[in-house]
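A short worksheet on the structure shown next.
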Amino acid sequence: MPIVTSTIKGQIVIPAEIRARFKIKKGTQVNVYDDGERIIVEPIADDPIQEGRGMLKTKGMILRSLVADRKKEAEL
């Protein structure tokens with residue numbers, strides 16, 4: 001785990017291998033927050049909608065499952 005040092009302004013440099021892994025480049029916005037015990041730095045996707053596309057592809061399986069569940073409930 002790389003160790004970094006903060007500047008007098010509180011700035012730190014994210015190591016190159018971590019920037020590459022998370023696709024952080026010049027101008028990338030990040031969320032910075034704490035969870036009570038540590039500081040979290042989380043990159044914000046350039047286009048959150050585009051980044052999320054395809055995440056929920058189920059080819060209709062969820063809808064078929066929901067319809068089947070509703071039919072079972074109606075039979076009771």
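Pick from the range 1-34 the residues that are part of a loop (DSSP other than H, G, I, E, B) and among the basic types (Lys, Arg): which of them is modelled with the highest pLDDT?
Restricting attention to the range 1-34, the residues satisfying the condition of being part of a loop (DSSP other than H, G, I, E, B) are 1-15, 22-29.
Now restrict to residues that are among the basic types (Lys, Arg): 9, 23, 25-26.
Working: Lys9: 95, Lys23: 88, Lys25: 90, Lys26: 91.
Filtering first and then ranking leaves Lys9.
Could you tell me which residue of the range 2-18 is most open to solvent (accessible area, probe 1.4 Å), considering only residues that are within 16 Å of Ile40 (Cβ to Cβ) and of a type in the set (A, V, I, L, M)?
Filtering first and then ranking leaves Ile12.
Of the numbered conditions (1) out of contact with any Lys or Arg (no Cβ under 8 Å at 6 or more places or on another chain); (2) of a type outside the set (Phe, Trp, Tyr); (3) open to solvent by 100 Å² or more (accessible area, probe 1.4 Å), Lys25 fails exactly one; give the number of that condition.
Exception for Lys25: condition (1).
Can you tell me how many residues within the range 35-76 are farther than 20 Å from Val13 by Cβ, open to solvent by 70 Å² or more (accessible area, probe 1.4 Å) and not in a loop (DSSP other than H, G, I, E, B)?
Residues in the range 35-76 being farther than 20 Å from Val13 by Cβ, open to solvent by 70 Å² or more (accessible area, probe 1.4 Å) and not in a loop (DSSP other than H, G, I, E, B): 16 in total.
Taking only pairs six or more apart or across chains, which ones have beta-carbon atoms under 8 Å, a first residue in the range 38-55 that is under 10 Å from Ile24 (Cα atoms), and a second residue that is of a type in the set (Asp, Glu) and open to solvent by 50 Å² or more (accessible area, probe 1.4 Å)?
Ala45/Glu51
The values are calculated or read from the model by the stated rules, or taken from the named source; none is laboratory data. Because the structure is a prediction, the values reported are computed rather than measured. Because the Cβ atoms are built from the backbone with ideal geometry, glycine has one as well, and the counts that use them run over all protein chains shown. All accessible areas refer to the heavy atoms of the entire protein, side chains included, with ligands and DNA or RNA removed. Shrake-Rupley method; radii C 1.70, N 1.55, O 1.52, S 1.80 Å.
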